[in-house]
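**Q** Dropping the structure in here first, questions after.
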Amino acid sequence: MKAKCNVASSNTKRSRSSVQAKAQAQAPCGVSTGFYSKDDGFVYCDDVRVKDVRQQVPESPFYLYSKNQLTENFQAYSDALSGIDSIIGYAIKANNNFLIMKHFREMGSGAVLVSGNELECARAAGYAPEKIVFNGNGKLYHELVYAVKEGVLINIDSEFDLENIRNAAREAGKAAKVLLRINPDVDPEVHPYVSTGIKSSKFGIRNERLQWFLDEVKKDGKALDLVGVHCHLGSTISKVNIFYDATVLMVDFIKEIRAQGFDIRYFDIGGGLGIPYHRDTDEVMPSPSDLIEAVRKLVSELGVTLILEPGRSLVGNAGAFVNTVNGVKSNGQKNFIVIDGSMAELIRPSLYDAYQHIELDQPIPGAERKVFDVVGPVCESADFLGKDRELQVPTAGTGLIVHDAGAYCMSMASTYNLRMRPAEYWVDGGKVKKIRHCDTLAEHLAKFEGL
């Protein structure tokens, strides 16, 4: 398989830059894709300078995506899954831009979602019900009625969730197609905020309760049609052996369930494959091919449809958060670059100390290099995008880029300090196109009219 995902194989120790160079060399029609720096020192999205994009669009800050990179990321999974009956279920929570959702659907994607609104958007984007999975540990009753009527796959996450799904199926007048989300108690070795497959997690059913759930499903076959099992270990996973270990356990569960007469046709292995956020190091992450090859034999022997839930690894490295420098200041021993973007638009660093690579969008000839904290204007000490970053001293108006911001950035943006969520653009065929309007204060005030 060609290197299409800007991520290195777990079996080959390569630097980020070498992987990027190979991806660019193999890009279709000779077009460089994703975000990268050339010898001229400017940062590019595909073959367009980000500085030129900033001059074309009226807003700052804004999100910018490479449509080519989105395409290559999805194709990497598609190629890796060759020979396996499978569904690539895009995890909408990673990035809910409607045009990005439609783009993946046009490439053959399914959808994985965690709310009724995500389900409505997925259906509006044209996703087929049989390729949609509804997850969540607290699905609301009215959402479940809608999901059953639509005929999507629904995960059972708890005792009360089973009861709500059963009642929703009765109201909908048809059986709910359900999967059991089993907690395999496998440690994904990631930040505890993004770990979902250990025993103390709020997600999934405990292994020792499996028989109770099977007995409950048997009681009401007209309302609950058990068609599969599901597990999800967490996010930013960097070792494919973790997926292998979980699959070994899940295979045993599937065999146990089938032995009781259930026709298990789907195995949802979840998602969580990480991306290399640290661009200045030799950090590597497994590729989609590495992941699939780790579980291929086990899955093939089961005779099931394999469901994957990639979100971050489909959109993460295809997006960037583009800002403008307001100014530079020093307090004590600390130097600060103050930008117009903030934690309101990109909360990952403030929320769980996540690292994202930061650089200026252009070189500044002769400028001194210093170590800075990159901060925004929000009235919180937690308002930072990066700490202790060595950068050239910028002048006001210089562009500053937070890389690998395609996943869990815009989708988590808020209106704190009454900051309006920013516009989104992508580079498509060398042209910059708006794919989401920014929020406006007029829209905010309109919500209070007539009250």
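**Q** Would you list SER411, SER82 from the most to the least accessible area, probe 1.4 Å?
**A** SER82, SER411
**Q** For the chain, with all protein chains present and a 1.4 Å probe, just round the carbon and sulfur fraction of the accessible area to a whole percent. Walk me through the numbers on the way to the answer.
**A** Working: 9110 of 18420 Å².
Answer for the chain: carbon and sulfur cover 49 percent of the accessible area.
**Q** For the chain, take the longest principal axis of its alpha carbons; what is the angle in degrees between that and the long axis of helix 159-172, to the nearest 10 within 0 to 90?
**A** The angle comes out at about 80 degrees.
**Q** Strictly over 28 Å apart at the Cα level, which of LYS239/LYS297; LYS149/LYS434; LYS177/LYS255; LYS174/LYS297; LYS139/LYS174; LYS93/LYS434 would you flag in this model?
**A** Beyond 28 Å between Cα atoms: LYS149/LYS434; LYS174/LYS297.
**Q** If you restrict to DSSP beta bridges whose two residues both lie in the chain, what percentage is antiparallel, to the nearest 5?
**A** So the antiparallel bridges amount to about 50 percent of the total.
**Q** With a 1.4 Å probe and every protein chain left in place, tell me how much accessible area MET107 has, in Å² to the nearest 10.
**A** 60 Å²
**Q** I would also like to ask the following. How about region 392-451: which trypsin sites (Lys or Arg not before Pro) there lie in a loop by DSSP and see at most 11 other Cβ atoms within 10 Å?
**A** Those that pass, being in a loop and sparsely packed, are LYS447.
**Q** Moving on to the next point. In what order, largest first, do ARG206, ARG166 sit by accessible area if the probe radius is 1.4 Å? Write down the numbers at each step before the final one.
**A** Working: ARG206 115, ARG166 20 Å².
My answer, sorted largest first, is ARG206, ARG166.
**Q** Could you give the angle, 0 to 90 degrees to the nearest 10, between helix 288-302's Cα long axis and the longest principal axis of the Cα atoms of the chain?
**A** Approximately 0 degrees, to the nearest ten.
**Q** Sort the following peptides by mean Cβ neighbour count (other Cβ atoms within 10 Å, averaged over residues), highest first: 363-369, 342-348, 140-146.
**A** Ranking the peptides 363-369, 342-348, 140-146 by packing returns 342-348, 140-146, 363-369.
**Q** To the nearest 0.05, how large is the calculated FRET efficiency for GLU216 and MET412 if R₀ is 45 Å and r is the Cβ-Cβ distance? Let's see the in-between values first.
**A** Values: r = 35 Å, r/R0 = 0.78.
Between GLU216 and MET412 the formula returns 0.80.
**Q** Mind putting a number on the dipole of the chain about its Cα centre? Charges go on the C-beta only, +1 for Lys and Arg and -1 for Asp and Glu, and I need it in Debye to the nearest 20.
**A** Computed about the Cα centre, the dipole is about 440 debye.
**Q** Report the paramagnetic label zone for VAL57: residues of region 313-331 whose backbone N is under 15 Å from a point 7 Å from Cα along the Cα-to-Cβ axis.
**A** So the set is 318-325.
**Q** Which three extents, in angstrom, do the Cα atoms of the chain have along their principal axes, listed largest first?
**A** 74, 62, 43
**Q** A follow-up question, please. Could you tell me how many degrees, from 0 to 90 and to the nearest 10, lie between the Cα long axis of helix 210-219 and the main elongation axis, the longest principal axis, of the Cα atoms of the chain?
**A** Helix 210-219 sits at roughly 60 degrees to that axis.
**Q** Whole-Hz ³J(HN,Hα) for each residue in region 116-121, computed from phi via Karplus 6.51 cos²θ - 1.76 cosθ + 1.60 with θ = phi - 60°, x for glycine and proline: what do you get?
**A** x, 5, 5, 5, 4, 5
**Q** Using the Karplus curve 6.51 cos²θ - 1.76 cosθ + 1.60 with θ = phi - 60°, work out ³J(HN,Hα) for each residue of region 134-145 in order, rounded to whole Hz, and write x for Gly and Pro.
**A** Once rounded to whole Hz, the list reads 9, 9, x, 8, x, 4, 7, 4, 5, 5, 5, 4.
**Q** Rolling a 1.4 angstrom probe over the protein heavy atoms, how many square angstrom per residue are accessible across the chain?
**A** That works out to 41 Å² for each residue.
The values are calculated or read from the model by the stated rules, or taken from the named source; none is laboratory data. Worth saying up front: this structure is predicted, and the values here are computed from it rather than measured. Cβ atoms come from the backbone with ideal geometry, glycine included; neighbour counts cover every protein chain shown. Just the protein is used for accessible areas: all its heavy atoms, side chains included, with ligands, DNA and RNA removed. Shrake-Rupley method; radii C 1.70, N 1.55, O 1.52, S 1.80 Å.
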